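Visitor: Before I ask anything, here is the structure I am working with.
The values are calculated or read from the model by the stated rules, or taken from the named source; none is laboratory data. Quick caveat: nothing in here was measured; it's all calculated off a predicted structure. Neighbour counts are summed over all protein chains in view; Cβ atoms, including those assigned to glycine, are modelled from backbone coordinates with ideal geometry. Side chains included, ligands, DNA and RNA excluded: accessible areas come from the protein's heavy atoms. Shrake-Rupley method; radii C 1.70, N 1.55, O 1.52, S 1.80 Å.
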Amino acid sequence: AGSAARPSGHSCSNPEISWALPDTSHLSQDHLTSQVGEVLLYYCYCEVSDPEKLCAWQKALCQHLHLTGKVRVASEGINGTVGGSKVATSLYIKVMLSQPLFKNILCQEDFKSSAGGAHCFPDLRIGVFKEIVPMGIDPKIVSYKETGIHLSPQEFHREVEQYLSQATQGQSDTILLDCRNFYESKIGHFQGCLAPDIRKFSYFPSYVDKNLELFKDKRVLMYCTGGIRCERGSAYLRSKAVCREVYQLKGGIHKYLEEFPDGFYRGKLFVFDDRYAICSNEDIISACRYCGVLWDQYKLCSSQHCRQLVLTCPSCCNKGLTACCPVCQEKELKVTSRASGQTLKEECECTRRRPRVPIEHGSPRMLDPGK
């Protein structure tokens, strides 16, 4: 940790956005549409003077390469996860690295890849937003430029090893903080972590506010899927001036698992596409919500208007137990309409009973493998 540095934030002179698209005339349709491919995950914080223009270029680029996925553009940068053939994703990386806007900021190692393809996403969604990761706080108030100290996977591994050793003796002054949502940490997490019971990242600031005493004078080791939530999350935690120091895992769990597939992270890694999870080890640390057998493959609740995820094993599925809670299981959810004609899903039991911001009392709730 001593060798790590805190980025001061990337400041650029807002270079002109290049509209260049890669030459694909020498490639067959099969090269660009092959089902055998990969999914890329990346983000880049930088100053974007014309988000609409960057958004339009991204849309043209992804359509040109037959990529699907989700890309968020804002004045503070870009955040994306896209899937396609390996030829297409390789060209995408090459063009992104040559884009003047990202020069000397984005690099090859910033792209995390996993087996998949265009079929992992239902479509292509690209838009302009206020934040590239929805924390719900104006980027001008809490900036990525005030982030925590970045630790490489090797440095983070050593820190976790030391933390676990001290924790068993009750001597640790460190908190290993998972800043993801509860359904992500449920199927995979670092040993001995504190995993807040929150449903959205936008609840994270409120969680911190209501648990400041928990973080007082502590060293905090933060992690998330690919690193982006830690950028703003660590900046928010630091803004409260209660921690001794805040560190974060550079590249997130994705990069850690590339180097330590059998390290201190156990279980699956949740991903926000149709795969729901990817794995690097054989551990199953979660259970079927109906029978309790070890199970970690999510499905969407079978109720038409519910978008909750549910862990239900094949045996329970065969019995018709395919909903997230009794309310959804017993009846079709009612739909209420706004004056605008938009529909809202009724809150189901598991949503209604979950507090928006849990408060940790006393010692942090630590998660261990198998629990």
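Visitor: If I filter the range 100-156 down to residues being assigned to a helix (DSSP H, G or I) and aliphatic (A, V, I, L, M), which single residue comes out as most open to solvent (accessible area, probe 1.4 Å)?
Guide: We begin by selecting, within the range 100-156, every residue assigned to a helix (DSSP H, G or I); these are 100-102, 108-110, 118-120, 144-146, 153-156.
If we keep only those that are aliphatic (A, V, I, L, M) too, we end up with 101, 118.
Details: 101: 4, 118: 28 Å².
Checked the range 100-156; the qualifying residue most open to solvent (accessible area, probe 1.4 Å) is 118.
Visitor: Does residue 228 meet the test of being surrounded by fewer than 22 Cβ atoms within 10 Å (Cβ to Cβ) and at pLDDT 95 or above? Quick ask: steps written out before the conclusion?
Guide: Values: surrounded by fewer than 22 Cβ atoms within 10 Å (Cβ to Cβ): no; at pLDDT 95 or above: yes.
Here the answer is no, as residue 228 does not meet what is asked.
Visitor: With the requirement that a residue be within 18 Å of the chain's Cα centre (by Cα) and of a type in the set (Asp, Glu), what does the range 204-240 give you?
Guide: 231
Visitor: Next question, about the same structure. Provide a single number: the residues in the range 75-96 that are within 14 Å of residue 15 (Cα to Cα) and open to solvent by 30 Å² or more (accessible area, probe 1.4 Å).
Guide: 1
Visitor: What are the pairs with Cβ atoms under 7 angstrom where one residue, in the range 304-320, is free of Cβ contacts under 8 Å to residues at least 40 places away in the same chain and the other, located anywhere, is part of a loop (DSSP other than H, G, I, E, B) and not hydrophobic (A, V, I, L, M, F, W, C)? Sequence gap at least six, or different chains.
Guide: What qualifies is 304/332; 310/289; 312/289; 312/290; 312/322; 316/290.
Visitor: Select from the range 13-35 the residues that are at pLDDT below 90 and surrounded by 12 or more Cβ atoms within 10 Å (Cβ to Cβ) and list them in ascending order.
Guide: Selection gives 14, 15, 17, 18, 20.
Visitor: Turning to a different aspect of this structure: Quick one: what pairs do we get from the range 108-136, first residue under 18 Å from residue 276 (Cβ atoms), second of a type in the set (A, V, I, L, M), C-beta under 6 Å, 6+ apart or different chains?
Guide: 112/41; 113/40; 114/39; 114/278; 116/39; 120/39
Visitor: Right, here's the next one. Among 274, 262, which is without any contact (Cβ under 8 Å) to a residue 24 or more places away in the chain, of a type in the set (Asp, Glu) and in the same structural domain as residue 225 (by the TED database)? It would help to see each step written out before you state the result.
Guide: On the way: 274 fails: without any contact (Cβ under 8 Å) to a residue 24 or more places away in the chain.
The unique qualifying residue is 262.
Visitor: Could you check residue 185 against (1) surrounded by 22 or more Cβ atoms within 10 Å (Cβ to Cβ); (2) of a type in the set (Ser, Thr, Tyr); (3) not assigned by the TED database to the domain that holds residue 242 and say which number it fails?
Guide: (3)
Visitor: Of the residues that sit in the range 303-342 and are modelled with pLDDT under 90 and among the polar types (S, T, N, Q), which one is surrounded by the most Cβ atoms within 10 Å (Cβ to Cβ)?
Guide: Going through the qualifying residues, I end up with 303.
Visitor: Restricting attention to the range 159-173, report how many residues are closer than 20 Å to residue 266 by Cα, open to solvent by 40 Å² or more (accessible area, probe 1.4 Å) and either touching a residue at least 24 places away in the same chain (Cβ under 8 Å) or touching a helix residue (DSSP H, G or I) at 6+ places or on another chain (Cβ under 7 Å) (or both). Let's see the steps before the verdict.
Guide: Let us first name the residues in the range 159-173 that are closer than 20 Å to residue 266 by Cα, namely 159-168.
With open to solvent by 40 Å² or more (accessible area, probe 1.4 Å) added as a condition, the list becomes 161-162, 165-168.
Within this subset, residues satisfying the condition of being either touching a residue at least 24 places away in the same chain (Cβ under 8 Å) or touching a helix residue (DSSP H, G or I) at 6+ places or on another chain (Cβ under 7 Å) (or both) are 161, 167.
Adding up the residues that qualify gives 2.
Visitor: Let me confirm something: among 210, 250, 299, 216, which residue is open to solvent by 10 Å² or more (accessible area, probe 1.4 Å), closer than 23 Å to residue 112 by Cβ and of a type in the set (D, E, K, R)?
Guide: Numbers: 210 fails: closer than 23 Å to residue 112 by Cβ; 299 fails: closer than 23 Å to residue 112 by Cβ; 216 fails: closer than 23 Å to residue 112 by Cβ.
None of the other options fit; the residue is 250.
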